[in-house]
Amino acid sequence: MLFPTIDFAIFFGIAFVGNWLLRPYRRAWKLFILAASYVFYGWWDWRFVFLLAASTLCTAAGARLVHGAATEAGRRRFLVATLVAELGLLGWFKYYGFASSSIDSALHRLGVHGDPIPLLQVTLPVGISFFTFMGLSYVIDVYRRRLEPSAFLDVAVYVAFFPHLVAGPIVRGSELLPQIHAAHRRDPRRIDLPQAAYLIFGGLFKKVVISSYVASAIVDPVFNTSPTLHSAAEVLLAAYGYAVQIYCDFSGYTDIAIGCALLLGFRFPQNFDAPYTARSLQDFWRRWHITLSLWLRDYLYIPLGGNRGSRLALYRNLLITMVLGGLWHGAAWTFVLWGALHGVGQAVGHFRRARRTARGLSPQREGTLALAWQRLATFQVVCLGWIFFRADSIGAAFGFVARLFTGWGAPSPLVRLPVVAAIVGALALQYLPRDLAERAQEAFARLGALAKGAVLGLVLLVITTLGPPGVAPFIYYRF
């Protein structure tokens, strides 16, 4: 079920009313939210509801077994068994085809000509990466004694809660389970309506208007065809356009998710913080998909050793983390290269900062010009990575990069003023003062009920007028 649809509006209206009417009745409320979440997830394909249930059962049982084991060795065995089961489900649905075709290709290059590995058509369930990572974080936190196991029904609501279910943000047990435990004490009169409305309608505008327009005007026409058919200017603008498209698409979705959760009385963590204002790749990952970045840091990078040990170990840990982060996004070598680019880029950044510190200098150059250059350079590297992220194959990605050096002077009919204005405007919005949104919400809060309704109706009219017919699926649904 897609957020910007009539189906979801009706569904959410029912969920909203049921949520607050049943809130005083703990068990009835949890059963209602769980049923609503399963309806939401099963709207696309009801059969995958059983996968969600299996993942939930594995998460809840694994945490109980880990917590109840009598010895540390037993706790570790149960943890490993749970991780294998959870990642096995993820691996089968998401990576089976990629692994089998890659092995066949490697064997063929080595001269081994046998029967190919059977290539089954495995449909990728929506949101499997997100709810798998949520389950893993819960079990690992129980193992680390940072969480006590919750009742099965609470865990089921935590894993399946529909606002975050299919595309995040990745909410940890320590963030959401206490809110589920205390849900019966929430007061519907204390809903933060101004912030929720700002997030939901702002997210809709980013997704429906900006992302859809940039995708149809420049990104899809360029990336869905051969790079030789386009000029360097079109390829460059398409790369910048995809940076805007994926940001508006994904941050728009999570804004809507966070806003819907607020209306239901729950607070989710922030997932984006003006990522294209970053002054380094490390800074970029503090601002982009923040919940995934923190997950990779806490459950992969630090267990690998983090920045402890030698400098080479640090670079290795960075590269492994980012490559696996790339694979999390998709089962293709393009995502591996995208992750490797960010891993190498972060390692180079660490090396340069260490060199400056050893010379008694600040880790980064300061000053207005230095800051502008750092932001510009970081954005170019990020957009280079987006070419590999968006391209259908490695060959196509390198073809687009090569075209940036060979296609100048060719006709550029796709480079039009409205497209350039949309891309520049979307990027410029990230440089607005941080308190501007707060002031807008405060002004909205001071309006009367009729005025609030009129403002929201006008914004919705603008979105539906400027947006395309129909709504394209969110990019991150397939991750």
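We did not get these values from a lab; they are worked out from the coordinates using the rules stated. Model, not experiment: these values are computed from the prediction. Ideal geometry is used to build each Cβ from the backbone, glycine not excepted, and the neighbour counts take in all protein chains shown.
Taking the beta-carbon count within 10 Å as an exposure proxy, list 412, 216 from fewest neighbours to most.
Ascending Cβ contact count within 10 Å gives the list 216, 412.
Based on alpha-carbon centroids, what's the gap between the stretch 383-458 and the stretch 75-103 in Å, whole number please?
36 Å
With a cut-off of 8 Å between alpha carbons and a minimum separation of six or more residues, what is the relative contact order of the stretch 6-190 in percent?
Relative CO of the stretch 6-190 lands at 30 percent.
Set the Förster distance to 30 Å, then compute FRET efficiency between residue 446 and residue 2 from the Cβ-Cβ distance, nearest 0.05.
0.35
Among 174, 272, 155, whose Cα sits farthest toward the positive end of the charge dipole of the chain (+1 at Cβ of Lys/Arg, -1 at Cβ of Asp/Glu, about the Cα centre)?
Comparing the listed Cα positions along the dipole, 174 ranks first.
Dividing the alpha-carbon Rg of the chain by 2.2 N^0.38 Å yields what?
So the chain has a normalised radius of gyration of 1.02.
Order these peptides, 281-290, 18-27, 162-171, by their mean beta-carbon neighbour count within 10 angstrom, highest first.
Top of the packing list down: 162-171, 281-290, 18-27.
Highest mean first, how do 263-270, 428-435, 457-464 rank when packing is the count of other Cβ atoms within 10 Å averaged over residues?
Order by mean packing, descending: 263-270, 457-464, 428-435.
Can you spot the aspartates and glutamates whose alpha carbon is less than 14 Å from residue 30's alpha carbon? Ignore those fewer than 8 places along the same chain.
Reachable aspartates and glutamates: 154.
What is the gain in length, in nm to one decimal, between residue 394 and residue 417 on full extension, counting 0.36 nm per residue of separation less the C-alpha to C-alpha distance?
Between residue 394 and residue 417, full extension yields 5.2 nm more.
Along the charge dipole of the stretch 6-190, which of 48, 10, 65 sits closest to the positive end, that is, farthest toward it, with unit charges on the beta carbon of Lys, Arg, Asp and Glu (+1, +1, -1, -1)?
After comparing all options, I get 65.
Where nothing but the Cβ of Lys and Arg (+1) and of Asp and Glu (-1) is charged, how large is the charge dipole of the stretch 324-479 around its Cα centre, in debye to the nearest 20?
480 debye
Can you give the charge dipole size of the stretch 6-190 about its Cα centre, rounded to the nearest 20 debye, using +1 on the beta carbon of Lys and Arg and -1 on the beta carbon of Asp and Glu?
So the magnitude is around 800 debye.
Determine which residues of the stretch 403-447 fall in the zone a paramagnetic label at residue 368 would reach in this model, i.e. backbone nitrogen under 20 Å from the point 7 Å along Cα→Cβ.
Taking a point 7 Å out along Cα→Cβ of residue 368, the residues of the stretch 403-447 whose backbone N falls under 20 Å are 428-434.
Label residue 53 and residue 87 with points 7 Å out from Cα along Cα→Cβ: what is the distance between them in nm?
Inter-label distance under the simple model: 2.8 nm.
Counting Lys and Arg as +1 and Asp and Glu as -1, each charge on the Cβ, what is the dipole of the chain about the Cα centre in debye, to the nearest 20?
It comes to approximately 1440 debye.
Percent of alpha carbon pairs in the stretch 6-190 separated by more than 24 Å?
47 percent
Spin-label point model (7 Å from Cα, Cβ direction): what's the residue 151 to residue 464 distance in nm?
With each label placed 7 Å out from Cα toward Cβ, I get 4.2 nm.
Length gain on complete extension for the stretch residue 267 to residue 405, per 0.36 nm per residue less the alpha carbon to alpha carbon distance?
Additional length available on full extension: 45.0 nm.
With each pseudo-label sitting 7 Å past Cα toward Cβ, what's the residue 435-residue 27 distance in nm, one decimal?
Placing both labels 7 Å beyond Cα along the Cβ direction yields 5.1 nm.
At a 10 angstrom cut-off on C-beta neighbours, averaged per residue, how do the peptides 245-256, 219-230 rank from highest to lowest?
Ranking the peptides 245-256, 219-230 by packing returns 245-256, 219-230.
Measuring from the lowest to the highest alpha carbon on each principal axis, how far does the stretch 282-416 reach, largest first, in angstroms?
52, 39, 25
Straight-line reach from residue 452: which lysines have Cα under 21 Å away, leaving out those fewer than 8 places along the same chain?
206
Please identify the helices of the chain, taking whole runs of DSSP H, that span at least 20 Å along their own axis as judged from the Cα atoms and have a mean Kyte-Doolittle score of 0.5 or higher.
Taking the DSSP H segments of the chain (at least 20 Å long, mean hydropathy at least 0.5), we get 6-22, 26-42, 49-68, 128-143, 232-263, 311-329, 368-390, 449-466.
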